[in-house]
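Take a look at the structure below.
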Amino acid sequence: MAFLQDIVIQYGYIGIFLCLTLGIIGLPVPDEILMMIVGYLSSIGLLHFPVSLVISVLGAMSGMLCSYFLGRKFGKPLLRKYGKWVRLTTKRIEKTENWFERYGPWAICIGYYIPGFRHLTCYLAGMSAMNPRKYILFSGLGALCWCAIFISIGYFLGGYIDFSDYHGSILGLFHS
């Protein structure tokens, strides 16, 4: 986690933007921890909270749009070709598409809070050919809320969290 903190301190807002974009696309970047580090650095004056929030939302949206267009362009052909290897039959893919058509916009907003699912919703939205304007509206709303919540947690509790031992320090908040 100290690695993320070093990236943000060294590269500032560009580092935040790139890490979030790559993390949303699916690379193993701990996005929630990154946002809390951004909040903490804002609380001690190294970053400005409003600018950090805007850059974070833009980074998340960039990653989500890349995932959406990748899913739209390559998703169905890849699933049809390789889906059987992960037990995704044509029937299951159609069932998922029907579910996504029904609940997709809200799945995008709520999916932000479930690591791993956040990445899938972007690709599924593209694969199901969700209207891009609708997608941008709901993903933007989800990104804004998600970034604001986790940056605020870091801002207000960052002094109590040791980001090098994230899980231990979170548990320590409740036992002190």
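The values are calculated or read from the model by the stated rules, or taken from the named source; none is laboratory data. Owing to the predicted nature of the structure, the values given are computational and were not obtained by experimental measurement. Note: ideal-geometry Cβ built from the backbone for every residue, glycine included; neighbour counts use all protein chains shown. Surface accessibility is based on the protein's heavy atoms, side chains included, excluding ligands, DNA and RNA. Shrake-Rupley method; radii C 1.70, N 1.55, O 1.52, S 1.80 Å.
Laid out as a table, the results:
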{"quantity": "Whole-number percent relative contact order across segment 1-86, with pairs defined as alpha carbons under 8 Å at least 6 apart", "calculated": "33 percent"}
{"quantity": "Proximal lysine pairs, the chain, alpha carbons under 19 Å, eight or more residues apart or interchain", "calculated": "8"}
{"quantity": "Accessible-area value, Tyr40, 1.4 Å probe, nucleic acids and ligands omitted, Å²", "calculated": "60 Å²"}
{"quantity": "Contour excess over end-to-end distance, with Cα ends at Ile136 and Trp99 and 0.36 nm allotted per residue", "calculated": "11.4 nm"}
{"quantity": "Relative contact order (%) - criterion: Cα under 8 Å, at least six apart; region: the chain", "calculated": "32 percent"}
{"quantity": "Summed residue charge, Cβ within 14 Å of Met127's Cβ, Lys/Arg positive, Asp/Glu negative", "calculated": "+4"}
{"quantity": "Mean ellipticity per residue at 222 nm, deg cm²/dmol - from DSSP H runs of n ≥ 4 across the chain, formula -39500 (n - 2.57)", "calculated": "-25500 deg cm²/dmol"}
{"quantity": "Helix 132-157 vs. the chain, principal-axis angle (Cα, 0 to 90°, nearest 10)", "calculated": "20 degrees"}
{"quantity": "Probe 1.4 Å, protein heavy atoms only - accessible area per residue of the chain in square angstrom", "calculated": "57 Å²"}
{"quantity": "Whole-percent carbon and sulfur share, accessible surface of the chain, 1.4 Å", "calculated": "68 percent"}
{"quantity": "Over segment 1-83: Rg over Rh, Cα atoms, Kirkwood Rh", "calculated": "1.11"}
{"quantity": "Two-decimal ratio, the chain, of alpha-carbon radius of gyration to 2.2 N^0.38 Å", "calculated": "1.12"}
{"quantity": "Per DSSP, loop trypsin sites (Lys or Arg not before Pro) in segment 53-144 with at most 10 further Cβ within 10 Å", "calculated": "Arg87"}
{"quantity": "Contact order normalised by residue count of segment 66-145, Cα under 8 Å, 6+ apart, percent", "calculated": "46 percent"}
{"quantity": "Phi to ³J(HN,Hα) by Karplus 6.51 cos²θ - 1.76 cosθ + 1.60 over segment 62-73, Hz, x for Gly, Pro", "calculated": "4, x, 5, 5, 4, 5, 4, 6, 5, x, 5, 7"}
{"quantity": "Check: the chain dipole with +1 on Lys, Arg Cβ and -1 on Asp, Glu Cβ, in debye", "calculated": "1280 debye"}
